[in-house]
1. Tell me, please, whether a residue that is more than 11 Å from the chain's Cα centre (by Cα), loosely packed, with under 12 Cβ neighbours inside 10 Å and modelled with pLDDT of 95 or more can be found in region 31-40.
2. Could you give me the residue pairs with C-beta distances under 6 Å whose first residue belongs to region 30-48 and is in contact (Cβ under 8 Å) with a residue 12 or more places away in the chain and of a type in the set (S, T, N, Q), whose second residue is part of a helix (DSSP H, G or I) and surrounded by 13 or more Cβ atoms within 10 Å (Cβ to Cβ) wherever it lies, and which are 6+ apart or on separate chains?
3. Which residue is surrounded by the fewest Cβ atoms within 10 Å (Cβ to Cβ), if the candidates are limited to region 65-83 and must be within 16 Å of Lys19 (Cβ to Cβ) and more than 8 Å from the chain's Cα centre (by Cα)?
4. In region 61-86, how many are farther than 14 Å from Thr37 by Cα and in a helix (DSSP H, G or I)?
5. Which pairs do you get when a residue that is more than 13 Å from Lys45 (Cα to Cα), found in region 62-86, comes within reach of a residue that is loosely packed, with under 14 Cβ neighbours inside 10 Å and of a type in the set (S, T, N, Q), reach meaning Cβ atoms under 8 angstrom, with the pair 6+ apart or on two chains?
6. Please work out which residue is surrounded by the most Cβ atoms within 10 Å (Cβ to Cβ), limiting yourself to region 41-59 and to residues that are in a strand (DSSP E or B) and in contact with a strand residue (DSSP E or B) (Cβ under 7 Å, 6 or more places away or on another chain).
Amino acid sequence: MRTFLAVTLLSLGALAAEKTETIKVSGWHCGGCAARTEAALKDVKGVSTVAADKNKKQVTVTYDDTKVARADLDKAIADSGFEVAK
């Protein structure tokens with residue numbers, strides 16, 4: 001039974017996937033706005049990289065989707081004072 005449990009738990013670890021999403025952000029007016037959003041996203045546990053592009057008004061976020069949901073990213077953007085563009 002212990003062997004089965006160990007194999008099962010190891011298999012679940014293999015399901016962890018790194019995911020990358022590009023998210024449009026509205027309300028940015030300058031590089032400081034983009035930097036503030038980038039910093040907020042970097043503080044989310046499970047996020048590995050964030051790159052803000054102030055000219056395109058978007059962030060590209062790479063994260064572990066077993067630890068972070070898209071809603072967590074949207075909340076971090078909102079908490080930085082901006083909105084996810086629809």
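The values are calculated or read from the model by the stated rules, or taken from the named source; none is laboratory data. The structure presented is a predicted model; accordingly, all values stated were derived computationally and were not measured. Glycine gets a Cβ as well: all are built from the backbone with ideal geometry, and neighbour counts include every protein chain shown.
1. Yes.
2. The qualifying pairs are Thr37/Ile77.
3. Across region 65-83, the extreme among qualifying residues is Ala71.
4. Our first condition is that a residue be farther than 14 Å from Thr37 by Cα; within region 61-86, this holds for 62-71, 86.
Among the residues that remain, those that are also in a helix (DSSP H, G or I) are: 70-71.
Total satisfying the criteria: 2.
5. Cβ pairs passing all conditions: Phe82/Ser26; Glu83/Ser26; Val84/Ser26; Ala85/Ser26.
6. Val59
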